[in-house]
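Peer 1: The following block contains the structure, expressed as structure tokens.
Please treat every number below as a calculation from the coordinates, not as lab data. For clarity, every value in this text was computed on a predicted model and none was experimentally measured. Neighbour counts run over all protein chains shown; Cβ positions are idealised from the backbone, glycine included.
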Amino acid sequence: MKVVVAYPTLNSIGGAEKLCINVMKALRSRNCNVTLATLDKTNWVLLEKVWHESFRPDDEFYLLPKIAKIPTLTLRQAFIVLSYTLELFLITLMGKCDLLINMGGEISDSMGDLIYINAIPLRLMHVYPQIQPKQSVQWRCYSRLYSLLTRALGSSDNVILTNSKFIQDIVKKNLRRNALVVYPPVNVQKISLRLKNQNRENIAVTVSRFRSAKGLEIIPKIASRVKNCKFIIIGTADANSEECLKEISEKTKKLGVQGHLQIFVNMPLIFILEKLFNAKVFLHTQPTEAFGISIVEAMAAGCVPVVPKSGGPWFDILNQEQGKYGYAYSSLREAAEKIQLLMNNEQLRVQISQRAFERAKYFDRSFFERKIVDVIQKVADSKTK
């Protein structure tokens, strides 16, 4: 079976990109011929360096060798939306595959035999303006227009997957579409094998891409409220990360927390794991996060998660149980209080850490592989009938 897996770009090196790679791996394990379709040429060397995993599809199709730096977020997102929709249209028009898997369903949920939605769809930004608070007014207008256009392209034949119950509920409520939840794969077993019983330091780690929507600028504010705790931010950055990094740096200096807040950019996986093994807390900041692979990885590494009381981290990962697998917060003050509590109460931290570790196993990659292959096979079978 020849399968095309489409996604805007793998060069952002985040959770959705890692998911896309794992879908292709699952297909390859079933002897499928896999073609990757992206907007720009994939930097496989960089991906292998960061993730310590080697994979190449059977073939690649991309529109541009490299996406040029676009000055504003609005223009950048508009370019990606239009280009990705065009690419999906071209693949559908050519009809040179048995199955088209659209892994960027949050951008375009109208084309593909199987559509995976990783986040709140862009055409619902007028419903959830907090996705891009700095762009809320103009994006509400764009989102409404885009929603009308994509509705005209909609198909009832495709199968929709989401990465969390949180997104599943949003899709059902706003798009009137049923979706199946397939949690992203987390290599819990591999991480836990490296886990050592060691004395942890008073450290709170955050792992994220450096993007404005990630909410990383609140970390200096939280750090200023917590005593005897070092904060570490580890993230992937590219040409579009300058604004985010600048904002964090300025707030760090303004609040005088340079002494206990460090930033590391584009570090390999082994570096990230070592920091997680040494930390007590994993701090997550994106309020509209759909799932959060890095959170589960941190739980598998022995950290207690402290996450926003919204999105997939709260609804799916912590299962809306405060204090069982971690803590959720609704304000900067509450986030600081929870981190301070975990730094001061070692017995409580150990208890929650152990429960978090067991909870992480629920999202292990082995469950994902079986489920995604089963879904893909059913979709393929339905096409041949």
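Peer 1: Residue separation times 0.36 nm, minus the C-alpha to C-alpha distance between residue 93 and residue 70: what's the value?
Peer 2: 5.4 nm
Peer 1: Put +1 on the Cβ of each Lys and Arg and -1 on the Cβ of each Asp and Glu in segment 175-234; which of 185, 206, 229 then has its Cα farthest toward the positive end of the dipole?
Peer 2: 185
Peer 1: Non-local amide H neighbours of residue 62 (under 5 Å, H modeled in plane, Pro and chain starts lacking H): which ones?
Peer 2: Long-range HN contacts for residue 62: 38.
Peer 1: Also, quick follow-up: How high is the relative contact order of the chain, in percent, with contacts defined as C-alpha pairs under 8 Å that are six or more residues apart?
Peer 2: 15 percent
Peer 1: Let me ask something else about it. Would you please give the FRET efficiency between residue 267 and residue 82, computed as 1/(1 + (r/R0)^6) with r the Cβ-Cβ distance and R0 = 41 Å, to the nearest 0.05?
Peer 2: Using R0 = 41 Å, I get an efficiency of 0.80.
Peer 1: Specify whether the C-alpha gyration tensor of segment 177-266 places it in the rounded, prolate or oblate class, a ≥ b ≥ c being the square roots of the eigenvalues: rounded for a/c under 1.5, otherwise prolate if a/b is larger than b/c and oblate if not.
Peer 2: The shape class here is oblate.
Peer 1: Determine Rg/Rh for segment 301-385; Rg is computed over alpha-carbon atoms and Rh is the Kirkwood hydrodynamic estimate from the same atoms.
Peer 2: My calculation of the ratio gives 1.20.
Peer 1: Take residue 361 and residue 2, extend 7 Å from each Cα along the Cα→Cβ direction, and tell me the distance between the two endpoints in nm.
Peer 2: 4.4 nm
Peer 1: Taking the Cα centre of the chain as the origin, how large is its charge dipole in debye, to the nearest 20, when only Lys and Arg (+1) and Asp and Glu (-1) carry charge on their Cβ atoms?
Peer 2: 680 debye
Peer 1: Please give the charge dipole size of segment 188-362, origin at the Cα centre, charges +1 on K and R Cβ atoms and -1 on D and E Cβ atoms. Round to the nearest 20 debye.
Peer 2: 380 debye
Peer 1: Among 322, 81, 71, pick out the residue whose Cα is farthest towards the positive end of the charge dipole of the chain, where Lys and Arg carry +1 and Asp and Glu carry -1 on C-beta, about the Cα centre.
Peer 2: Ranked along the dipole, the leading option is 322.
Peer 1: A follow-up question, please. Which percent of the Cα-Cα distances in segment 188-362 go past 25 Å?
Peer 2: 24 percent
Peer 1: Got a sec to turn the phi values of segment 286-291 into Karplus ³J(HN,Hα) couplings, 6.51 cos²θ - 1.76 cosθ + 1.60 with θ = phi - 60°, whole Hz, x for Gly and Pro?
Peer 2: 6, x, 10, 4, 6, 9
Peer 1: Another one. State, to one decimal in nm, how far the label point of residue 347 lies from the label point of residue 59, with both points 7 Å from Cα in the Cβ direction.
Peer 2: 6.4 nm
Peer 1: Tell me the GluC sites (Glu not before Pro) within segment 34-95 that lie in a loop according to DSSP and have at most 16 other beta-carbon atoms within 10 Å.
Peer 2: 53
Peer 1: If you don't mind, another one. Quote the relative contact order of segment 189-257 in percent (integer), defining contacts as alpha-carbon pairs under 8 Å separated by 6+ residues.
Peer 2: For segment 189-257, the relative contact order is 40 percent.
Peer 1: Let me ask something additional. Based on the alpha carbon coordinates of the chain, what radius of gyration and maximum Cα-Cα distance (Dmax) apply, in Å?
Peer 2: Final numbers for Rg and Dmax: 20.5, 65 Å.
Peer 1: Now for a different question. What are the GluC sites (Glu not before Pro) within segment 277-346 that DSSP puts in a loop, where the Cβ has at most 15 other Cβ atoms within 10 Å?
Peer 2: Answer by residue number: 321.
Peer 1: Shifting gears a bit: Distance check, please: which entries in 190/280; 190/246; 2/173; 214/361; 165/246; 41/214 exceed 29 angstrom between their Cα atoms?
Peer 2: 190/246; 2/173; 165/246
Peer 1: Measuring from label point to label point, each 7 Å out along Cα→Cβ, what is the residue 254 to residue 381 span in nm?
Peer 2: Spacing of the two 7 Å Cα→Cβ label points: 5.8 nm.
Peer 1: Give the residues of segment 223-243 whose amide nitrogen is closer than 20 Å to a point set 7 Å from the Cα of residue 194 in the direction of its Cβ.
Peer 2: Label zone hits: 232-237.
Peer 1: Do you know the relative contact order of segment 188-362, to the nearest whole percent, from alpha carbon pairs under 8 angstrom that are 6+ apart?
Peer 2: In percent, rounded to a whole number, it is 25.
Peer 1: Continuing with this model, one more query. At a Förster distance of 30 Å, what's the computed FRET efficiency of residue 225 paired with residue 165, Cβ-Cβ distance as r, to 0.05?
Peer 2: Approximately 0.40, to the nearest 0.05.
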